[in-house]
Amino acid sequence: MCSSDLGINTVPTQLLTWVKKRVAGHPFFARELVRALRETQAVSIRDGRIEVGNLDSLSLPMTVEGIISSRLNQLTAPQQLTLKVAAVVGRVFSEQTVRDTHPLPEADVAKHLETFTHHSIITPHDANTRDTYAFRHVLLRDVTYDQMPRNQRRTLHRAVAAWLERQHADQLAPIASLLAFHWQRAEVPESSLRWLEAAAEHALRSGTFAEAIANYQQAMSTSLVAPALASPRRKAHWTMGLGMAAYFLGDFQTSRLRLEEAVHELDRAVPISRRETLFALLREAIQQAGNRLINRQRIASGTSQLKDSIATSECYRSLSQIYFLQGEPAERLAYLTLRGLNVGERTGSSATLARTLANMGALMSFLGLKAWGAWYGMRADRKSTRLNS
């Protein structure tokens, strides 16, 4: 290990023993310690041989983080700033990102990266992409990052986030999590929440449900810092997202609780007692009958109302499926399906309405009302065909 880092075949026993006593078998620590020794000229190589000074008199730090800090302190101030920009970008970064977000436009970023490569701080990341690099070890990146004062971190994260938004303006959804991370570190909660929402929704659509949950939970935590940015309605959509993600992960009880919370905020509480359920079911049946008799369909006005109607109808649809799997009484299933349909009809020709109509058809058939089941099933097919044409 020492010999390869020093570029020679044999290492004096004195140096090997001194290094082994201090690194406790940690390979990365050993490499960093050897490099620090060479950079501070405690050891030198002449004519292919190592010359070792008085090692016991050295005042090198005795932790790997301390050794890394001492090595980084050997860099010039402009070089250190460039390395900090790279650390903010991430473990893997491109020369273009560092150059475009560097606070000093005249900085010779290419030359600095060459120096970091020479000192084994970074390494080329991809042979096919010449300007992409990675910190040789995560600790090198972490120590560099931790050396920055808070204000400097915020400024650099803001610069990186803004650069990413410009560079990927035509395809932001796949990098929403990354944008949320940088805006969080920049301490801009409004932008952070916007991208956490986008990241969570993208994760739901992509089937990465654990990631969706993590993003929604992070949004909830961020909203505690800036409560004015999170209305009850906005939180209800996050709660619904948590419920949908839990549903697809098979955690039906958590999903049920979250979806009930969401529908309570977006629409009304799910009735609990049998008497309340039957009364609510009668009310929804009368509304649905009226819709059919006079062919009435009140469409939601405005983007936010339409979004709320779609979300509410999806909540009812998913809840009805969970209630069915959990063996809830037929009247509860009928209420959820009917209420979901009545709300869904406000959305016009939407995929949500098509799915809810299909559920209604299945429920009617389950209750023995075959003709009504076929009629709702036919409407669901027509809606789906229209949407797909």
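Some notes on this structure:
- Gain on full extension, evaluated as 0.36 nm per residue between Ser120 and Thr208 minus their Cα-Cα distance, stands at 28.1 nm.
- Rounded to the nearest 20 debye, the dipole size of the range 273-376 about its Cα centre is 180 debye, using +1 on the Cβ of Lys and Arg and -1 on the Cβ of Asp and Glu.
- Spin-label pair Phe366/Met220, simplified geometry with 7 Å Cα→Cβ offset, distance in nm: 2.8 nm
- A 1.4 Å probe, protein heavy atoms only, puts the accessible area of Lys111 near 120 Å².
- With both labels modelled 7 Å from their Cα along Cα-to-Cβ, the Ser349 to Ala228 distance reads 4.4 nm.
- Options Ile310, Gln253, Leu204, ranked by Cα towards positive dipole end of the range 196-311, top entry (Cβ charges): Ile310
- The range 84-103 residues near the modelled Glu165 label - backbone nitrogen below 20 Å, point 7 Å along Cα→Cβ: 88-90, 97-103
- Karplus 3J(HN,Hα) series, Hz, for the range 325-338 with 6.51 cos²θ - 1.76 cosθ + 1.60 (x for Gly, Pro): 5, 8, x, 6, x, 4, 5, 6, 4, 5, 4, 4, 5, 5
- Accessible area of the range 139-188 divided out per residue, in Å², using a probe of 1.4 angstrom: 51 Å²
- Rounded to the nearest 10 Å², the accessible area of Thr254 at probe 1.4 Å: 50 Å²
- Amide proton proximity set for Ile121, modelled H, under 5 Å, gap of 5+: none
The values are calculated or read from the model by the stated rules, or taken from the named source; none is laboratory data. Please read all numbers here as calculations on a predicted model, not as lab measurements. With ideal geometry, Cβ positions are generated from the backbone for all residues, glycine too; neighbour counts draw on all protein chains shown. Calculation scope for accessible area: heavy atoms of the full protein, side chains included, ligands and nucleic acids excluded. Shrake-Rupley method; radii C 1.70, N 1.55, O 1.52, S 1.80 Å.
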